[in-house]
1. Here are some residues: 52, 80, 30. Which one is under 30 Å from residue 175 (Cβ atoms) and either out of contact with any strand residue (DSSP E or B) (no Cβ under 8 Å at 6 or more places or on another chain) or surrounded by 19 or more Cβ atoms within 10 Å (Cβ to Cβ) (or both)?
2. Taking residue 79, is it over 19 Å from the mean Cα position of the chain (by Cα), of a type outside the set (S, T, N, Q) and under 22 Å from residue 115 (Cα atoms)?
3. Go through region 26-51 and report how many residues are over 22 Å from the mean Cα position of the chain (by Cα), small (Gly, Ala, Ser) and closer than 14 Å to residue 203 by Cβ.
4. With a cut-off of at least 3 residues that are closer than 30 Å to residue 36 by Cβ, name the strands (runs of 3 or more DSSP E) lying wholly within region 51-162.
5. Being surrounded by 15 or more Cβ atoms within 10 Å (Cβ to Cβ) and either under 18 Å from the mean Cα position of the chain (by Cα) or not in a strand (DSSP E or B) (or both) is the filter here, so list the residues in region 165-179 that pass it.
6. Tell me, please, whether a residue that is in contact with a Phe, Trp or Tyr (Cβ under 8 Å, 6 or more places away or on another chain), modelled with pLDDT of 95 or more and assigned to a loop (DSSP other than H, G, I, E, B) can be found in region 22-32.
7. Which count do you get for residues in region 114-127 that are under 23 Å from residue 84 (Cα atoms) and surrounded by fewer than 20 Cβ atoms within 10 Å (Cβ to Cβ)?
8. Are any residues in region 192-240 among the polar types (S, T, N, Q), closer than 25 Å to residue 84 by Cβ and not in a helix (DSSP H, G or I), and if so, which ones?
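The values are calculated or read from the model by the stated rules, or taken from the named source; none is laboratory data. Just so we're clear, the structure is a prediction, and the values are computed from it rather than from any experiment. With ideal geometry, Cβ positions are generated from the backbone for all residues, glycine too; neighbour counts draw on all protein chains shown.
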Amino acid sequence: MTKTVTMATFFAAIIVSVPMIVIADNVPWSYTGPNGPEHWADLSKEFKLCGSGKEQSPINISGAKTANLPAIQFDYKPGSLEIVNNGHTILIKRTKDNTITIGEEQYELLQFHFHSPGENTVDGKASPMEIHLVHKSAKGQVMVLSVFTKIGAKNTVLNTAWNHIPQQSGDRKKVASVNVNAVDLLPTDHSYYSFKGSITIPPCSEGIQWIVLKNPIEVSDEQIKRFSQVIGVNARPVQPVYSRTLYMM
């Protein structure tokens, strides 16, 4: 039986507080070794949620409840390429004219970045790469839209962006003559899972709305290898779900 979740109920469950996300750039952390995920909470008092939080991401998605969730309306537009290597991922910035609307809530797309292998799993299975499109509403609510991948044809956005991929941590490139459109990172079917969570890097701030599209897009094995050559493995292990309820369309 499908459970009906009204917009008021849906967002009341998600928007408990507006998260203040402050990345402590002066505290070194990594995905392996003594500064790896199992040690993040010990690296700084600002990172304590990485170890004690009860709504951490990523998670293994299993047992989600079918609900009458609102459809996503996308309004992404092409824009010039601004690509950054921050040492932990490759990030592509967006301009203010990129938005999505879920019910009555509109979110601005700030940036999107990549994790390989994928961080969230479904019934224990990870995708070869996961794309996180980070949004923020006028109320300050952060929402991450996640897109899974599967090996197949080359993706248009990655094909363009990887031609200009910064090789070193801290490097960035602005290429006004090259346009990318985040719409090319979306599957045709926009059915999704939804749950409360956190950002997946220190300080692991909670209060994040997660929208994970069920259907993957194709990327080539070559494109994933190219990313891995520059960044390496950058996936946080899945975290306990605890008492959270997972919904799906």
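1. Numbers: 52 fails: under 30 Å from residue 175 (Cβ atoms); 80 fails: either out of contact with any strand residue (DSSP E or B) (no Cβ under 8 Å at 6 or more places or on another chain) or surrounded by 19 or more Cβ atoms within 10 Å (Cβ to Cβ) (or both).
The match here is 30.
2. Values: over 19 Å from the mean Cα position of the chain (by Cα): yes; of a type outside the set (S, T, N, Q): yes; under 22 Å from residue 115 (Cα atoms): no.
Criteria not met by residue 79.
3. Summing the residues that are over 22 Å from the mean Cα position of the chain (by Cα), small (Gly, Ala, Ser) and closer than 14 Å to residue 203 by Cβ in region 26-51 gives 1.
4. Details: elements: 72-75, 79-85, 90-93, 99-102, 105-115, 130-137, 142-151.
Ranges flagged: 79-85, 90-93, 105-115, 130-137, 142-151.
5. Scanning region 165-179 gives 165, 166.
6. Restricting attention to region 22-32, the residues satisfying the condition of being in contact with a Phe, Trp or Tyr (Cβ under 8 Å, 6 or more places away or on another chain) are 24, 27, 29.
Now drop any that are not modelled with pLDDT of 95 or more, which leaves 29.
With the extra rule that they be assigned to a loop (DSSP other than H, G, I, E, B), the set shrinks to 29.
Among the residues of region 22-32, at least one is in contact with a Phe, Trp or Tyr (Cβ under 8 Å, 6 or more places away or on another chain), modelled with pLDDT of 95 or more and assigned to a loop (DSSP other than H, G, I, E, B), which makes the answer yes.
7. 1
8. So the first thing to find is which residues in region 192-240 are among the polar types (S, T, N, Q), and the list is 194, 198, 200, 205, 209, 215, 220, 223, 228-229, 234, 239.
Imposing the further condition that a residue be closer than 25 Å to residue 84 by Cβ reduces the set to 198, 200, 205, 209, 220, 223, 228-229, 234.
198, 200, 205, 209, 220, 234 - these are the residues of region 192-240 that are among the polar types (S, T, N, Q), closer than 25 Å to residue 84 by Cβ and not in a helix (DSSP H, G or I).
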